[in-house]
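To start, the structure under review is shown below, and the notes come after it.
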Amino acid sequence: MNQSQLFTKTLRKDPKDAVTVSHRFLVRAGFIRQLTSGVWSLLPLGLRVYRRIENIIREEMNVIGGQEVYLPTLQPKELWQETDRWETIDPPLFKLKDRHGKWLGLGSTHEEVITELARLYIESYKDLPKAVYQIQNKFRNEMRPTGGLLRTREFVMKDLYSFHASEKDLDTYYKKVVTAYTTIYKRCGLEVVVVKASSGSIGGSESHEFMILADSGEDKIVLCRSCGWAANVEVVKKSTCPQCRKALKQYRTIEAGHTFKLGTTYSHKMQAFFTNKNGAKKSIIMGCYGIGLQRLMATIVEARHDKDGIIWPQSVAPFDIHLTGLDLEDKKVKKFVQEIYTALKKAGKDVLFDDRDESAGVKFKDADLIGIPIRLVISKKTKNKIEYKERDKKTTKLFTRLQLLDKM
């Protein structure tokens, strides 16, 4: 794609209200734009990153047997009253009345909706286990949305819900989800630490947070690098690991996912039963597992950046290659750039071609800000070669056309 045609602009100054790295760089690089407090538009660059994150998550959910669904955002008051959460969930629901005076809530989560479906389609132990997931808009009536995409009022969440006949079966599947989540974060270029957490307003017997190591994170954990044991600083009073007795070190983190063993919290209240092997009626045992997609996008930036901009991992970058053309008024240079652009696309590479009428300095600054993993430069200076630079490295190399295509 030609950068001159891209529906966005880079900015030289940080947003006035920016307090996080991801907020600053995603706005300045033209990935996102705020519409109102806590509500953000994803521009073409941002949507490209989002889609690649979405695909990674979808692939890993399918690996562990998840079936994808799409559940409504508008949810009736009566369903939330079954679990006593219409008035008590925190943050509170966005609520509205339709033209008939009927109260509806904008879904901030979907436990009630999925449990209503479970009580319809699950009757016997023979129907279990099941796992369904969705990737869907959510709305949370946050008092103070902050940090760009890190805390918003409208966002997209991946919800996975699992249904089981026994606690043992839930435990087995829960471990599969933890493994899948670890794989998702690794594929997104992140180091994750799993810690026990509070179940909060979602409820259940046990939950875990998936914490990403980031210097700008608001949360703090202690971690043992020897055996991997970790916990939130609030619940640890020791300086040595309870498992291996090695020293604990404190790290700043960002929560990028949450899993819950719901048990029968929702199925009991909503009368979602199954008949076991002995013919007895039992409440369905449930698990719930969430990842916020835009929050994950911002977390990647928080963990992967330098003073000049974003450093996207190849797996989620908006483009594979940033091709920078200089001296494009020179016919030979322009012809060579176009030939390389065409060859790269034929090789299956997604290329952003900076064809703008800007100085070399502006183009290089924007390339660093946007953070595409590989930058190629063609100019009079490079002659019949291509300058190759990886975003996270300082050094450059010169390649011939054949050398470049062979490397690609």
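Data for the structure
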| item | result |
| --- | --- |
| Filter result for P72 (within 28 Å of the chain's Cα centre (by Cα), more than 30 Å from L190 (Cα to Cα) and modelled with pLDDT under 95) | no |
| Test: residue in the range 266-273 that is under 30 Å from R153 (Cα atoms), of a type in the set (S, T, N, Q) and outside the structural domain of C227 (by TED's automatic domain parsing) | no |
| Residues satisfying the stated conditions in the range 211-257, i.e. under 21 Å from the mean Cα position of the chain (by Cα) and aliphatic (A, V, I, L, M) | M211, I212, L213, A214, I221, I254, A256 |
| A29, sole failed condition from (1) over 20 Å from E154 (Cβ atoms); (2) surrounded by fewer than 21 Cβ atoms within 10 Å (Cβ to Cβ) | (2) |
| Those strands (runs of 3 or more DSSP E) lying entirely in the range 217-308 with at least 3 residues closer than 30 Å to G147 by Cα | 219-223, 230-232, 249-263, 285-292 |
| Qualifying residue in the range 296-315 (condition: in contact with a Ser or Thr (Cβ under 9 Å, 6 or more places away or on another chain) and free of Cβ contacts under 8 Å to residues at least 60 places away in the same chain) | no |
| Residue count for the range 93-129, restricted to those that are of a type in the set (K, R) and assigned to a loop (DSSP other than H, G, I, E, B) | 2 |
| Filter result for Y161 (out of contact with any Asp or Glu (no Cβ under 6 Å at 6 or more places or on another chain), at pLDDT 95 or above and assigned to a helix (DSSP H, G or I)) | no |
| Residue in the range 86-137 that is nearest to L170 (Cα to Cα), counting only those that are of a type in the set (S, T, Y) and touching a residue at least 12 places away in the same chain (Cβ under 8 Å) | Y125 |
| Test: T36 is under 23 Å from E218 (Cα atoms) and either hydroxyl-bearing (S, T, Y) or under 16 Å from the mean Cα position of the chain (by Cα) (or both) | no |
| All positions within the range 6-29 that are among the small types (G, A, S) and under 18 Å from the mean Cα position of the chain (by Cα) | S22 |
| Output for the range 312-369, where each listed residue is closer than 30 Å to I184 by Cβ, acidic (D, E) and outside any helix (DSSP H, G or I) | D320, D350 |
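The values are calculated or read from the model by the stated rules, or taken from the named source; none is laboratory data. Here the structure is a predicted model, which is why all the values come from computation and not from measurement. For neighbour counting, all protein chains shown are included, and Cβ atoms are generated from backbone atoms with ideal geometry for every residue, glycine included.
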